[in-house]
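The next block holds one structure in the form of structure tokens; read it before the comments.
The values are calculated or read from the model by the stated rules, or taken from the named source; none is laboratory data. Predicted model, so just to flag it, every value in this text is computed and none were measured. When we count neighbours, we look across all protein chains shown, and the Cβ atoms used for this are built from the backbone with ideal geometry, even at glycine. Surface accessibility is based on the protein's heavy atoms, side chains included, excluding ligands, DNA and RNA. Shrake-Rupley method; radii C 1.70, N 1.55, O 1.52, S 1.80 Å.
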Amino acid sequence: MAKCIDFNKTVYELAGEYPEFTEVMASVGFTEITKKVMLNSVGKLMTVRQGAKIKKIPMETVVAAFRERGFEVTGIDEPQESLPQTSQSTHAAHGSCDNRTEQIKAYLRRLSDGESLESVRADFVRNFSDVSSEEIMQAEQGLLKDGMPLNEVKKMCDVHSALFHNESVHEEERNVAMAKDNADMALKLAAIEGHPLHTFYRENERLKTLLDEEGSPNDKIRKVRDIRIHYAKKGDLLYPLLRVKYDISGPSQVMWTVDDEIRDELSKLSRATEQDATWTERAEAVLRRVGEMIFKENNILYPLCAANFTTEEWYGIYRDSKQYETCLDIEPSTWKDAEDCLSDDITASETYKDVVKTSDGDEILLAGGHLTIAQLSAMLDTMPMEITFVDADNINRFFNDNGHKKVFKRPQMAIDREVFSCHPPKIEPMVRAIIEDFRSGRRDSVPVWMEEEGRTMLITYMAVRDKQSRYLGTMELVQDMTFAKEHFNFSKQ
């Protein structure tokens, strides 16, 4: 019996109904359909016939391809609908997707060459009032691949934000752009009590309220310092997943770097002993950047996450979010569906542990003896330190869970993910250098002392080698050394 496919439905709907739909469409020239971000955005607004008109692909070719795969095709004799107002439809006016990306890159290169932001913004608003975050993201990633320095690519983030905040942009245009960015999907998720986006948006609402309140820059700097927690959650839970799972590296490269700059500047301003005119100017500038980042998160980052992350991934983000302190007095709500699912997972996991067998039974044989999996796990968790193991392929393989508040949060979602994806861009080169030194044998350990929340911490990175000195991976140990400091200070008295 032939499968019936209705071309009156959207591309997104048909892709969900028929697993082979995407493959057939790509085979006749709809290559963009293989990109999930495009399928989840433009695909929800466009039918096959509309797409064929834009791509200039004869409908006869499309229909023939589906009939060859055993489909009965309906909805092909309807009159052509008007094209949806999406970034795809505007491609006809502005040129192909590739050409638009090159045009967007050209604006950034003008900034790089020294032209003022106001001048570039004026042209950008005039010619690209319908630009979507996906196109901005593609341009950013293209420039990074072309070798343009990250500091230059960051300027695109400012141009995009300037576009949406320009007074000449009408509310209707802004709403259309937000719809294209899957903002509607993000807002639906944010309406779910306890969903991670529910918490992220509430934190941004609170932050915006603090920024809009009357008060001196000094008061505002003090009130928004908790933003470090908000940024830490983005950096640990959202950016790496977009980058590693969905190959969307723009936010992790650009936004993450801006987050770090804002956080560092807030810290410096808070520690400053003098608050002169220069201090006030810097404070006002960083507070403006905080406000801009709220807009970028709500209209670019969260919609991208909503369009791509699965329900199971959101469950994982919800679970890992519990490690973080309360931010800006916004207490996270309970997400019932996630709690029910995670509870089932814990039960299944415990059952699995009870029946795990190795080739030698339920014990692991080691050179110094033998331990059950439960004993080994409990022993590692009892150690008064945070333990991380990264294998020889630079993949996170293990975090212990000693039940204490961790200095460095370790999301379970980071397991089986490349370690470099878990570090901000400014830290990543240092991590790579340390691991490369361990791999080559130039170094065996790197100690780092630091003060964290009034505690003296020792972070030790160590090369893990077998008895033949072959590199197996890297271990990170984080230990609170305050007890030793207090002990020796007491002894001196």
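Give all pairs with beta carbons closer than 8 Å in which a residue from the range 1-29 that is under 11 Å from Met46 (Cβ atoms) and open to solvent by 30 Å² or more (accessible area, probe 1.4 Å) meets a residue that is of a type in the set (Asp, Glu) and assigned to a helix (DSSP H, G or I); count only pairs at least 6 apart in sequence or on separate chains.
From the range 1-29, the pairs are Lys9/Glu17.
Take the residues in the range 237-277 that are of a type in the set (D, E, K, R) and touching a helix residue (DSSP H, G or I) at 6+ places or on another chain (Cβ under 7 Å), then tell me which one is farthest from His195 (Cα to Cα).
Step one: of the range 237-277, the residues of a type in the set (D, E, K, R) are 243, 245, 247, 259-261, 263-265, 268, 271, 274, 276.
Restricting the remaining residues to those that are touching a helix residue (DSSP H, G or I) at 6+ places or on another chain (Cβ under 7 Å) gives 243, 259, 263, 265.
On the way: Arg243: 21, Asp259: 23, Arg263: 25, Glu265: 30 Å.
Per the stated criteria, the residue is Glu265.
Please enumerate the residues belonging to the range 187-221 that are free of Cβ contacts under 8 Å to residues at least 12 places away in the same chain and touching a Lys or Arg at 6+ places or on another chain (Cβ under 9 Å).
Hits for the range 187-221 are Glu213, Gly215.
Picking from Thr474, Thr482, which residue would you name as being open to solvent by less than 40 Å² (accessible area, probe 1.4 Å), of a type in the set (S, T, N, Q) and closer than 21 Å to Asp236 by Cα?
Values: Thr482 fails: closer than 21 Å to Asp236 by Cα.
On inspection, the qualifying residue turns out to be Thr474.
Do any strands (runs of 3 or more DSSP E) entirely within the range 378-493 hold 3 or more residues that are within 22 Å of the chain's Cα centre (by Cα) and under 30 Å from Thr326 (Cβ atoms), and if so, which?
Passing ranges, in order: 396-399.
Which of (1) part of a helix (DSSP H, G or I); (2) buried (at least 20 other Cβ atoms within 10 Å of the Cβ) is the odd one out, the single condition Asp264 does not satisfy?
For Asp264, the exception is condition (2).
I'm told Val419 meets every condition in (1) within 28 Å of Gln253 (Cβ to Cβ); (2) touching a helix residue (DSSP H, G or I) at 6+ places or on another chain (Cβ under 6 Å); (3) free of Cβ contacts under 8 Å to residues at least 60 places away in the same chain except one. Can you identify the failing condition by its number?
Against the list (1) within 28 Å of Gln253 (Cβ to Cβ); (2) touching a helix residue (DSSP H, G or I) at 6+ places or on another chain (Cβ under 6 Å); (3) free of Cβ contacts under 8 Å to residues at least 60 places away in the same chain, Val419 comes up short only on (2).
Pick out the one residue from Met430, Met462, Met457 that is in contact with a His (Cβ under 9 Å, 6 or more places away or on another chain) and either closer than 24 Å to Asp236 by Cα or open to solvent by less than 60 Å² (accessible area, probe 1.4 Å) (or both).
Met430
Could you list all residues from the range 415-430 that are touching a strand residue (DSSP E or B) at 6+ places or on another chain (Cβ under 9 Å) and at pLDDT 90 or above?
Once the filter is applied, which keeps residues that are touching a strand residue (DSSP E or B) at 6+ places or on another chain (Cβ under 9 Å) and at pLDDT 90 or above, the range 415-430 yields Ile415, Asp416, Arg417, Glu418, Val419.
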